[in-house]
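Have a look at the structure below before the remarks.
Read-outs: derived from the displayed coordinates by stated rules, not from any lab. Quick caveat: nothing in here was measured; it's all calculated off a predicted structure. Note that each Cβ is placed from the backbone with ideal geometry, even for glycine, and that neighbours are counted across all protein chains shown.
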Amino acid sequence: MDGAVHKEDSVGRKLKKGGVYCTSSIIESFQYIKATIVGQVRKVSARDEKEASEAELTTAKMQVEAADAAEDRKHHLDM
């Protein structure tokens, strides 16, 4: 009986882990899209070349932060 409970627990853990991975990927996607939209709005509303460049850098930074946050959540699960 203990083997069956352990096997169910293992399956439950795998399902939970898979769900968290999926959720992390969805959150990362939304953050990436948000960064892209915010960057485009800032770039369009920029008054000069400097502001446009800053908007592009901000977009890239936000996208990297989204990817890093998702990787941290996934790495935390693997521990």
By how many degrees, between 0 and 90 and to the nearest 10, does the Cα long axis of helix 2-44 differ from the longest principal axis of the chain? 0
Helix 49-78 versus the longest principal axis of the chain: what is the Cα-based angle in degrees, 0 to 90, to the nearest 10? 10
Please build a GNM for the chain, connecting alpha carbons under 10 Å apart, and tell me which residue among Ala66, Ala52, Ala35 fluctuates the most. Ala52
Mark the label point 7 Å from the Cα of Ile26 along Cα→Cβ and return the residues of the stretch 40-79 whose backbone N is within less than 15 Å of it. none
P(r) over all Cα-Cα pairs of the stretch 2-78, 5 Å bins from 0 to the longest distance, whole percent per bin, short to long, reads 3, 16, 17, 14, 11, 10, 8, 6, 5, 3, 3, 2, 1, 0
If you build a Gaussian network model of the chain, linking Cα atoms that sit under 10 Å apart, which residue out of Val41, Val20, Val11 swings the most? Val11
Run the helix sum for the chain: -39,500 (n - 2.57) per DSSP H stretch of 4+ residues, divided by residue count, reported at 222 nm to the nearest 500 deg cm²/dmol. -34000 deg cm²/dmol
Assigning unit charges at the beta carbon (Lys, Arg +1; Asp, Glu -1) and nothing else, what dipole magnitude in debye, to the nearest 20, does the stretch 2-78 show about its Cα centre? 240
